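Accompanying notes for the structure given below.
Here, each number is a calculation from the coordinates, and none is a lab measurement. Since the model is a prediction, treat every value here as computed from it, not as a measurement. No Cβ is skipped: glycine too gets one built from the backbone with ideal geometry, and neighbour counts run over all protein chains shown.
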Amino acid sequence: MSHPALGRLIWLLIYGGLLLAGLGIFVMRHDAVLGWVLVVAGALETAAGVVLIWVRSRRKS
């Protein structure tokens, strides 16, 4: 995977995960289980983006 493509994937995962977690917080008012599922999924997606930042920093150009 090229360096720019990896960068786009990283930010897509981070922002998408934060959006999903925020949506989960709002959904919790009506359905607690679904809200927690969305929050956890968003947190995992954001964490994957953070791990990819570390991977990108260790790659040779």
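In degrees, nearest 10, range 0 to 90: what is the angle between the Cα axis of helix 32-58 and the longest Cα principal axis of the chain? Taking the Cα atoms of the chain, the angle to 32-58 is about 10 degrees. Identify which of the listed values of mean projected area of the Cα convex hull in nm² was calculated from the structure shown: (1) 5.6; (2) 4.3; (3) 3.8. Correct label is (3). Using a simple spin-label model with pseudo-atoms 7 Å out from Cα toward Cβ, Met28 and Met1 lie 3.0 nm apart. For the chain, the longest principal axis of the C-alpha atoms and the axis of helix 3-27 are separated by about 10°.
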